[in-house]
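Note sheet for the following structure.
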Amino acid sequence: MLNETYRKPILITGSHRSGTTWVGKVLAVSPSIGYIHEPFNPLHRRLSPGICRAKFNYQFTYVTDENESEFYDDILATIEFRYSLLLQLREVLRNRRGFRRLARQYGSFLVNRHIHHARPLLKDPMALFSTEWLAERFDANVVILIRHPAAFISSIKRMNWPPHDFSQFLKQPLLMRDHLYPCEEEIKEFVEYEHDVIDRGILLWKMFYYIVDQYRRDHDDYIFVRHEDLSLRPVEQFKKLFDQLNVEFTERIERVIIDYSNASNPSEAPAGILHQLKRNSVANIKNWKVRLSKSEIERIREGVQNISSLFYGDEDWE
């Protein structure tokens, strides 16, 4: 049952590397918004169990009404800014580190819950497949980021992460049944055989944005934002987003947006840096042309065409 002081949450999701952190952090400049970082992420659950007690065994865990009993109470606690101090303290004592993280997170939850009475913002690409459940169970406003497939794949290539474990999708029968059945044979093939970062990125992007297109068809109350549109006109597009979410857009917020996106910022993040919020947003739009070879771009375009044409035209590949 929702607390009587409950405020309508906001979910910022989409694929990873699609700008969810940028959008979430800008929205959280408003004191009425309380930022919660990736509660569905299994890695963050291990490092920061105080934020969310729910045990997610997979990346991109699919929660629906059939398995919600495993997650509902813990997600509700997170949305209500009820920090699991004892759980986090156990983690800190076990690893003998993380006291600063505990203090920062606990303090943030206390301020958001008791002083600001903040509206919770869940920034979490790992929650993409659970979007409908979060929207229905918690009356969440949904914002989904869309990013050009070449930009998404080039960003993954730049990070040089270990190969994605596609078996985590197959181990979720409800997810395969409800969403990913059109990709099942291709996913199985990627589990059985090795593929390079370009092919892995192609399949991931197709899977994510096949689902996003379904959401567009089924939910006219969801907000869909292309990363490129935000990058090209950040003040205008962010103001529109603030208005859609009924969050006050102030001069301070406008200054932060300009600071994060102006042309004096670097167009490329330093090697190995996961999130570089201050970027030349316009120059960043086409960084993929530098990171990827011509043959890689052609392979990406051909591989995603049946889905990417729903979001991007020929001019977006020029």
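Throughout, read-outs are computed from the coordinates displayed, never taken from laboratory work. What you are looking at is a predicted structure, and each value in this text was computed from that prediction instead of being measured. Cβ placement follows ideal geometry from the backbone for every residue including glycine, while neighbour counts extend to all protein chains displayed.
Hey, can you list the DSSP H helices of the chain whose Cα span along the axis is 27 Å or longer and whose average Kyte-Doolittle score is at least -0.5?
197-218
So what is the diffusion coefficient of the stretch 205-318 in µm² per second by Stokes-Einstein at 37 °C and 0.692 mPa s, using a Kirkwood Rh over Cα pairs?
The estimated diffusion coefficient comes to 202 µm²/s.
How long is the gain from Ser264 to Ala103 if the chain were fully straight, where each residue apart is worth 0.36 nm and the alpha carbon distance is subtracted?
Result for the pair: 54.5 nm of gain on full extension.
Counting just the Cα atoms, what span does the chain cover along each of its three principal axes? Round to the nearest Å and put the largest first.
Per principal axis, max minus min of the Cα coordinates gives 54, 47, 43 Å.
Relative to a virtual label point 7 Å from the Cα of Gln214 in the Cα→beta-carbon direction, which members of the stretch 118-136 show backbone nitrogen distances below 19 Å?
Under 19 Å, as judged by backbone N against the label point of Gln214, lie 125-136 of the stretch 118-136.
By a straight-distance test (C-alpha under 24 Å), which lysines pair with Lys278 as possible cross-link partners, with residues fewer than eight away in the same chain excluded?
Counting by Cα, and skipping residues close in sequence, Lys278 has these lysines nearby: Lys25, Lys123, Lys157, Lys239, Lys240, Lys286, Lys289.
How much mean residue ellipticity at 222 nm does the chain get from its helices, if each DSSP H run of length 4 or more adds -39500 (n - 2.57) and you divide by all residues, to the nearest 500 deg cm²/dmol?
-13500 deg cm²/dmol
What list do you get for Val212, Val142 if you sort them by fewest beta carbons within 10 Å?
Val142, Val212
At 25 °C and a viscosity of 0.890 mPa s, what translational diffusion coefficient does Stokes-Einstein give for the stretch 212-254, taking Rh as the Kirkwood radius over Cα pairs? Give it in µm²/s as a whole number.
In µm²/s, the coefficient is 212.
Taking N as the number of residues in the stretch 1-157, what is its Cα Rg relative to 2.2 N^0.38 Å?
The reported ratio for this selection is 1.02.
Based on other C-beta atoms within 10 Å, arrange Phe208, Phe99 from fewest to most.
Phe99, Phe208
Kindly put Lys206, Lys123 in sequence by how many other C-beta atoms sit within 10 Å of each C-beta, fewest to most.
Ordered from fewest to most neighbouring Cβ atoms within 10 Å, Lys206, Lys123 come out as Lys206, Lys123.
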